[in-house]
1. Does the range 70-90 contain at least one residue that is part of a loop (DSSP other than H, G, I, E, B), outside the structural domain of residue 136 (by TED's automatic domain parsing) and small (Gly, Ala, Ser)?
2. Inside the range 87-103, can you point out the residues that are at pLDDT 90 or above and polar (S, T, N, Q)?
3. Given the condition over 14 Å from residue 126 (Cβ atoms), in the same structural domain as residue 119 (by TED's automatic domain parsing), among the basic types (Lys, Arg) and part of a helix (DSSP H, G or I), answer yes or no: does some residue in the range 221-231 qualify?
4. Among the candidates 184, 241, which residue alone is closer than 16 Å to residue 124 by Cα, assigned to a helix (DSSP H, G or I) and touching a helix residue (DSSP H, G or I) at 6+ places or on another chain (Cβ under 6 Å)?
5. Applying the selection to the range 154-181, what residues are of a type in the set (D, E, K, R), within 18 Å of residue 19 (Cβ to Cβ) and in contact with a Leu (Cβ under 9 Å, 6 or more places away or on another chain)?
6. Of the residues 19, 64, 53, only one is touching a residue at least 60 places away in the same chain (Cβ under 8 Å) and out of contact with any Phe, Trp or Tyr (no Cβ under 9 Å at 6 or more places or on another chain); which?
7. When you go through 134, 138, 106 one by one, which is the residue that is among the basic types (Lys, Arg), modelled with pLDDT under 90 and surrounded by 12 or more Cβ atoms within 10 Å (Cβ to Cβ)?
Amino acid sequence: MFPEFEQFKKHLWRQRRHTSTHRHYASDLRLFFAWVNKPLAAITISDVDTYTTHCQEQGHAITTINRRLTALHSFYQFLAAQIDNPPPNPVLPRRHFIRQRRTLPRTITDNTLDQLSAVINTPRDKAIFLLMLRCGLRVGEIRRLSLADLNLQPPPGQLPRLWIHGKGGKQRVVYLSQQALTALNEWLAIRPTSPDPAVFLNRYNRRLSVTGIQKRLARYCRQVGIWLTCHQLRHTFGRHLTEVQVPVTTTQRLLGHAQLRTTQIYTHLSNRQAQAEFDSAMVQIAGWLGQTAEVSQTFAVSQLGGVAR
């Protein structure tokens, strides 16, 4: 790769040390330049058109393609600020980025949660998955959680809490339910001593990776013949809050959403008013249909001289 590539990677790491952006962007750039096999200054808008089509033909998700384009666009923006006579940016967002349809988050049924809970048999893994399900943590936030981020014995009148390092380096406070607190304390009681400050350690007593967490969940899913993702546990937390009518602004803060409209998606999953109004409407419609049936029967009887056959 080019020397500018390593400079860009270091720049990203300095700007977003608490995220995995520098690793993802580095991987995305390696894939693009291995595919295009051209020097920096020779990349054209047409090359990006062709690469986007190539990614679609390979079946990559829209989010993956857009992230790769973002990585390339950011790289050329970096070059424009770092070198004289930089090459033009070949990524045109309005032209190349793919618009995504807004989809509702997929949550998990309570029955499926019971099945999953029954097979999770280690204190560490119980704590991990309960922090996603009862506190709405992302898998990356679980990985970044350190011992210094825990406040499990707050002053009277306050809830136990965690300081979470979220997306984009943003921090937020997350409160612990009694169930999550119990699971976390059970793990901490047997957590091995390690120089690594991570709350969750792997078998080498080092910080557990995102892939490691995802593989553990996949293993439990195979045991009970289901399939779900770590992020669905977080979505289910959002749905549960909505079902008990927690204000949407509170849910937004607890989930760490930058935009309120992102949180409002959960109101579509459990809109009690909409459900009640729909149910009432169906009762009325059923009544109308019943009346129509009676009128039709009366008309038929009258046509037959008053004798029902």
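The values are calculated or read from the model by the stated rules, or taken from the named source; none is laboratory data. The model shown is predicted, which means the values in this text are computed figures rather than measured ones. Positions of Cβ are backbone-derived with ideal geometry, glycine not excepted, and every protein chain shown enters the neighbour counts.
1. Our first condition is that a residue be part of a loop (DSSP other than H, G, I, E, B); within the range 70-90, this holds for 83-90.
Adding the requirement that they be outside the structural domain of residue 136 (by TED's automatic domain parsing) leaves 83-90.
With small (Gly, Ala, Ser) added as a condition, the list becomes none.
Within the range 70-90, none of the residues are part of a loop (DSSP other than H, G, I, E, B), outside the structural domain of residue 136 (by TED's automatic domain parsing) and small (Gly, Ala, Ser).
2. 89
3. Start the filter on the range 221-231 by keeping residues that are over 14 Å from residue 126 (Cβ atoms), which leaves 221-231.
Pick out the ones that are also in the same structural domain as residue 119 (by TED's automatic domain parsing) and you get 221-231.
Keeping just the survivors that are among the basic types (Lys, Arg) gives 222.
After this cut, where a residue has to be part of a helix (DSSP H, G or I) as well, the list is 222.
Yes, there is a match, as at least one residue in the range 221-231 is over 14 Å from residue 126 (Cβ atoms), in the same structural domain as residue 119 (by TED's automatic domain parsing), among the basic types (Lys, Arg) and part of a helix (DSSP H, G or I).
4. On the way: 241 fails: closer than 16 Å to residue 124 by Cα.
Being closer than 16 Å to residue 124 by Cα, assigned to a helix (DSSP H, G or I) and touching a helix residue (DSSP H, G or I) at 6+ places or on another chain (Cβ under 6 Å) holds for just one of 184, 241, which is 184.
5. Initially, the range 154-181 is screened for residues of a type in the set (D, E, K, R), giving 161, 167, 170, 172.
Now narrow it down to the ones that are within 18 Å of residue 19 (Cβ to Cβ): 167, 170, 172.
The one that is of a type in the set (D, E, K, R), within 18 Å of residue 19 (Cβ to Cβ) and in contact with a Leu (Cβ under 9 Å, 6 or more places away or on another chain): 172.
6. Values: 64 fails: touching a residue at least 60 places away in the same chain (Cβ under 8 Å); 53 fails: touching a residue at least 60 places away in the same chain (Cβ under 8 Å).
The conditions single out 19.
7. Details: 134 fails: modelled with pLDDT under 90; 138 fails: modelled with pLDDT under 90.
None of the others qualify; the one that does is 106.
A quick yes/no check of all residues on (1) over 20 Å from residue 88 (Cβ atoms); (2) exposed (fewer than 12 other Cβ atoms within 10 Å of the Cβ); (3) modelled with pLDDT of 95 or more:
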| site | (1), (2), (3) |
| --- | --- |
| 12 | yes, no, no |
| 19 | yes, no, no |
| 24 | yes, no, no |
| 39 | no, yes, no |
| 55 | yes, no, no |
| 58 | yes, yes, no |
| 62 | yes, no, no |
| 73 | no, no, yes |
